[in-house]
Structures are given as structure tokens and as C-alpha cells.
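The values are calculated or read from the model by the stated rules, or taken from the named source; none is laboratory data. Treat the numbers as computed from the prediction; the structure is a model and nothing was measured. Neighbour counts run over all protein chains shown; Cβ positions are idealised from the backbone, glycine included.
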Amino acid sequence: MNTKIFRWLGPVVWVAGLAVPFVLGANWISILAIFAIYAVVALSQDIVLGRAGMFDMGHAVYFGIGAYVTAILNTVYGVPVLWSMIPAIITAALVGGLLAAPIVKLRGDYLLVATIGISQIFHLVMVNNVGGVTGGPDGIFGIGVPSLFGHAIMSQGGNFLVDWVLLGLVLLLVNNLEHSRLGRVFRYLKEDELAATTLGVNARYYKILAFALGAGVAGAAGTLFASQLAVVSPGAFVFTESVTLFAIVLVGGQASIPGVLLGTVLMFVVPQVFRELAQYRYFVFGIGMIVVMVIRPQGIWPRRRRME
């Protein structure tokens, strides 16, 4: 009975979320739009960390690549925002795969340090305006809004629905991944890589694939982030953002969709509710991480194990 309830709870909550623009005020619409975008990024981090078991501390890079691709294509070449999502996904996935190729053989903290280096290099490239297209420290301004069938979506509620639909698609993707052969391969690699390779799994190939898949999903979120704020700058994709995404997965629960969503709520929605305390969110979340890791190391809402 409980299993059936949880199976339907997610879709019901998502459908109920479609009513947000009609029942809540502008402030809550804005908060939940940001939640939807960051939930997508956190779910993409979970593909790499929670499902494939690789320590990626530079995941905000792929989020930033998606945002910058959209910003450049929209402001320089006039490409509509939603159309720019396709090259944003492809570019982020390719970069993710290429960067992962030489480092996926590293284990644990060695891989973590390598991804920190990637994060710092990305930030320096954006700040120094390499290629003259990133806008330097100030970033890129004047990014347009999404449009459908030639009609620009100018309203806050309309933009929220676009973000919410992307979240729904990513939830569907991750849920299918959970039950797919690819998802099981990721899980085998995370739990016992030696046993998986003994069974014929090409560990390097699937690890690179996990990075590319997670990066592509993060790139899609980057597109809507750029459109939501109308500006992208290096400060939005710094190392601390990657740390935050990493912490969301650990605290919420690895390979757990409700856990990752709960972690995103704790990190991005709760501070908005208590806005006067928002500057302390890293302090409070840091304490929360310590407490959770001590008393519940599997996360607040861990993945349910079942017989396979």
C-alpha cells in the first residue's frame, strides 16, 4: 500500500505544481522557478555521484556551459532560448565526456581533486573572457525569454511552467534510468567495480557516459537559468555552487529522487522563506551535513533497496 502511495505521490505533486502560477503570488512563483532549475541540476549531479558513485566536485561547470551557450547564441546570433537548449545540452555533454575521459580512472578523493581543478579552470576562462565571447567578470546581459510558436513567454508564471515542465521531463528520465539496464550498470560500478568488470562491464566507457549524461542534463538547466535571470556571469558557477550540489545529494540521499528534491528544498527554498537568514545558509547547511552524516549517513531520504 505504501509503495503504491509513493509511486503516485510524485506525479500528483508535479501536476499540482502546474497550478502554482494561478494560486500563489509572484514571490513564491519566483522561488519555485529557481527550485525547479536547481532541482534539475541536483538530479544531474546525482547521476554522477549518487548513481555511478564518482566524486564530482565541479558539476557547476556543466551548468555554466549550458547557460553560456544559450547566452551567446541568444544575444549574439539571435537563436531563440528554447532552440538554444539543444546545443547547450550537446556542448555540455561533450565537454563532460571529454573532461571525464582522462580522469575517470582516478578513485575517490583523487577524482574529487581533479574535478575541483576543472571547476577553477572554467571560472578563470570565463573571468578572463577567453575568445572574447564570455563577457569577462561582468558576464553577458540581455538574454531573452523563451518563446513558443513565435509567442514570447513574458509572464513570470509562464516562465515557471517552462521550468516546471523541464523538471518533469528530467524526473521522468531519472526514474526510467533507475529501472533501466544502464541504471543497473551504474549501480554495479558504484557498489563493486571489480565485480562489474569481471562480468564484462566496460567501466571506463560507462563512467564517461555517466559524466556526459549528467553534464547534458545540467546544460539544459543552464539554458533556463540564463533565461530566468537574463544574465550569466562567472560568479554563478563558482566552486561553492559545485559544493552545494554535492552536499544536496549527500544530505538528501544518494540515488533517491525524493531525497535529492528534499535536499534542494532545504538549500534553495527554505533560505528564501527565512530570507533575513539567507546569508547563513552555508553555515546552517554545513551543520546539517555534519549532523546527518553522523546520525544518518545514508541521507535524509535514501534510496529504497529492493531485490534485483
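Please work out if Asn128 is over 20 Å from the mean Cα position of the chain (by Cα), surrounded by fewer than 17 Cβ atoms within 10 Å (Cβ to Cβ), within 24 Å of Val243 (Cα to Cα) and of a type in the set (S, T, N, Q). Even if it seems obvious, please write down each step before you answer.
On the way: over 20 Å from the mean Cα position of the chain (by Cα): yes; surrounded by fewer than 17 Cβ atoms within 10 Å (Cβ to Cβ): yes; within 24 Å of Val243 (Cα to Cα): yes; of a type in the set (S, T, N, Q): yes.
In short, yes.
Pairing residues of the range 184-205 that are surrounded by 12 or more Cβ atoms within 10 Å (Cβ to Cβ) with residues that are at pLDDT 90 or above and of a type in the set (Ser, Thr, Tyr), at Cβ distances under 8 Å and at least 6 apart in sequence or on separate chains, gives Val185/Tyr206; Phe186/Tyr206; Leu189/Tyr206; Ala196/Tyr188; Val201/Tyr188; Ala203/Thr197.
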